[in-house]
Amino acid sequence: MSQPLGDITPEEFQDAAGFLTDWLSNYLSKDSYPEPVLSQVEPGELLKTQPTEPPLKGQNPREVLEEFERELSRGLTHWNSPRFFAYFSISASGPGVLADFLSAGLNQQAMLWRTSPISTELEQVTLDWLRQGLGLPEVFRGVIYDTASVSTLHALATAREVTLPDVRMKGQAGRQLVVYCSEHTHSSIDKAVLMLGLGWDNLRKIPCDENLAIIPFKLAEQIEEDRKNGLFPCAVVVTTGTTSTASSDPVDAVADVCRKAGVWLHVDAAYGGPAALVEEMRPLFKGWERADSIVVNPHKWLFTPFDLSVLYLRDLDRLKQAFSLTPEYLKNDEQGRVLNLMDTGVQLGRRFRSLKLWMIFRCFGLEGMRQRIAFHLELARYLADQIEQSEHFELALPVNMSLVCFRWKGRSNEEQIELMNRLNQGGKFFISHTKIHDEILLRCAIGHIRARHTDIDLFLAELASLVEKPAAV
Ligand SMILES: Cc1ncc(COP(=O)(O)O)c(C=O)c1O
């Protein structure tokens, strides 16, 4: 009879874990500036480091991890560098990393309350803490998903169910549902409309004003016209903190339109939401307390290792109406008395993501979280001031939240991109760009937990030295 092989031994686990904690505690330390921030490997280069055949014999886990560090880590783009300023700068903080490690070891799967009471209940606890921090009314209850794209998909699926209560049985049956947003809304809305089978022809991009914010009366006109034409206005999506420029839509005025028209209001605060922890930023969010659903991503600007997105609903039962379905083999005694997370979305199984939020709240406190966000806002203003005084650069837009959009003065779009590429290839920093009214803007997104004034100073010095020396031909 063959012998069971089992897992690695506790000694091997400890040895490998010791190596890993030493490595990660250096990687996450205040003096850590891993470079190049943007990985400089060529496509396919890493494939060549690995055998094409699967490894036949097992190896010591520490050796495997050492090989990862030696051979593969150059394929990392360092999202966890304080000099990562591209897209939206994010950070996996120490408490969040520890929670993910613990969660992997515990392997909780919270499809039903009974399959992980702790994961189900900590989700309720932490999301209520966050709700209070954000200043949202008590009526909102949250659910955790992996990403904002998935949160928004669930919000719009719920809006569809509310607009057509018989959609579960009949499908759309020829009825044309319409979703409204602006050209600055994130592409996850387009994808959700696609996946729900609503059709892109039924996604209306409402015009924006000079602040890149949706114009409420244009929205109202469009909804009215669609209704007159026999269509079914289903949901409006507004954003507080758009992806390109961190601009914000006037949520309160849009909430008036939605209320009058009886249309679902979804607020995409995936990036910007954490700014609401800071009292002085609250006016930007005015009206979001009137929304039907709101998405906030702690994995963007709340020090939470990817992934963790929160969807708040004014009426959680509506989400459950859209998604609950219990096959015989999952029926249980607690049903009706507890929240079974499988009733809140497409997926049956759920990771123990709330443990990350719990650790972060417990280790930093709401006050610590607020101070960190406020510091990022201050750093963004500091960078903007320096740019305004610079002989080479100019602000392209007023600073929104922690995002600074700027341009190399008097230069073409091609030159902006060429400068960005040279900076990114240099390896010390990583930024990205966007295009507004046909102009390329360079984006510097601040939001890493270890970012400091010196990082901003060095960033500007690097940019200045690049514009002062001509590009190699
Ligand atoms: C405003 C906004 N909404 C949604 C998303 C999508 O986020 P996720 O990657 O969590 O799906 C992003 C991503 O940057 C975003 O900026």
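Laboratory data are not the source of any read-out in this text; all were calculated from the coordinates shown. From a predicted model like this one, the values you see are computed outputs, not experimental measurements. All Cβ positions, even for glycine, are placed from backbone atoms using ideal geometry, and neighbour counts span all protein chains on display.
Values computed for the structure shown
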| read-out | value |
| --- | --- |
| Size of charge dipole - the range 109-351 - debye, nearest 20, with Cβ of Lys, Arg +1 and Asp, Glu -1, no other charges | 500 |
| Förster radius 25 Å - calculated FRET efficiency between Arg337 and Asp128 (Cβ-Cβ, nearest 0.05) | 0.85 |
| Viscosity 1.002 mPa s, 20 °C: Kirkwood-radius Stokes-Einstein D of the range 255-294 over Cα pairs, µm²/s | 198 |
| Under 30 Å from Lys331, Cα to Cα: lysines that are on another chain or at least 8 residues apart | Lys170, Lys320, Lys356 |
| Relative contact order %, the range 109-351, counting alpha carbon pairs below 8 Å whose residues are six or more apart | 26 |
| Top positive-direction residue, dipole computed over the chain with Cβ charges, set Gln59, Phe19, Val278 | Val278 |
| Nearby aspartates and glutamates by direct alpha-carbon distance to Lys218 (threshold 19 angstrom, same-chain neighbours under 8 apart not counted) | Glu183, Asp201, Asp209, Glu210, Asp226, Asp249, Asp252, Asp256 |
| Cβ-derived FRET efficiency at R0 22 Å, Ala464 paired with Ser412, nearest 0.05 | 0.70 |
| For the range 88-183, convex hull of alpha carbons as volume per residue, Å³ | 180 |
| Length-normalised contact order of the chain in % [C-alpha pairs under 8 Å, at least 6 apart] | 22 |
| Rh by Kirkwood over Cα pairs, then Stokes-Einstein D for the range 366-473 at 1.002 mPa s and 20 °C, µm²/s | 149 |
| R0 of 51 Å, Cβ-Cβ distance Lys205-Met169: FRET efficiency to nearest 0.05 | 0.95 |
| Point-charge dipole on Cβ atoms (K/R +1, D/E -1) for the range 324-382, about Cα centre, debye to 20 | 320 |
| Sorted by Cβ neighbour density within 10 Å, fewest at the top, the residues Trp358, Trp200, Trp288, Trp23 | Trp200, Trp23, Trp358, Trp288 |
| Residue exposure sequence - Thr326, Thr434, Thr344 - by fewest surrounding Cβ within 10 Å | Thr326, Thr434, Thr344 |
| Counting DSSP beta bridges with both ends in the range 109-351, the antiparallel % (nearest 5) | 40 |
| Translational diffusion coefficient (Stokes-Einstein; Kirkwood radius from C-alpha pairs) of the range 132-240 at 4 °C, 1.567 mPa s, in µm²/s | 86 |
| Surface/4 estimate of mean projected area, convex hull on alpha-carbon atoms of the range 109-351, nm² | 13.1 |
| Spatially proximal aspartates and glutamates relative to Lys30 (Cα-Cα < 15 Å; intrachain offsets below 8 disregarded) | Asp22, Asp455 |
| 33 Å tail of the calculated P(r), the chain, as % of Cα pairs | 45 |
| For the chain, size of Cβ-based charge dipole, Lys and Arg +1, Asp and Glu -1, in debye | 1000 |
| Space enclosed by the convex hull of the alpha-carbon atoms of the range 1-147, per residue, Å³ | 199 |
| Exposure proxy ranking, count of Cβ atoms within 10 Å, fewest first, for Ile206, Ile215 | Ile215, Ile206 |
